[in-house]
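One structure is given here, and the rest of the page talks about it.
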Amino acid sequence: MLDHRLKIARKAKKMTQEQLATKVQTTKGTISNYENGYSTLSNEMLVLLANTLNTTTDYLLGNTDSPSSPSQQEKDEAEFHAFANDPELQVFL
């Protein structure tokens with residue numbers, strides 16, 4: 001999953017493997033290995049790649065299908081729905 005998502009995110013930014021490698025201070029071969037599933041990356045590199053590609057680690061890892069982080073409004077709405085649907089709080093209503 002990571003290999004495929006990394007390639008998608010890189011191409012969405014219209015970057016070559018070499019350009020990405022330069023930005024994260026590694027080699028084109030290393031980026032190629034990540035994208036082809038031949039190498040695993042460290043947590044630090046995962047965060048660096050996500051930040052460089054303006055995406056989230058959750059997206060790269062396949063935990064979400066949204067390449068961008070939720071907006072504050074989306075977070076507030078999710079928190080409100082969790083609060084409103086809490087069965088313990090509904091007893092008081």
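None of the figures in this text is laboratory data; all of them are computed from the coordinates on show. Quick caveat: nothing in here was measured; it's all calculated off a predicted structure. When we count neighbours, we look across all protein chains shown, and the Cβ atoms used for this are built from the backbone with ideal geometry, even at glycine.
Table for the structure above
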{"item": "Peptides 26-33, 12-19, 55-62 ordered by average Cβ neighbours within 10 Å, highest first", "result": "55-62, 26-33, 12-19"}
{"item": "Efficiency of FRET between Phe80 and Thr52 - r from beta-carbon atoms, R0 30 angstrom, step 0.05", "result": "0.35"}
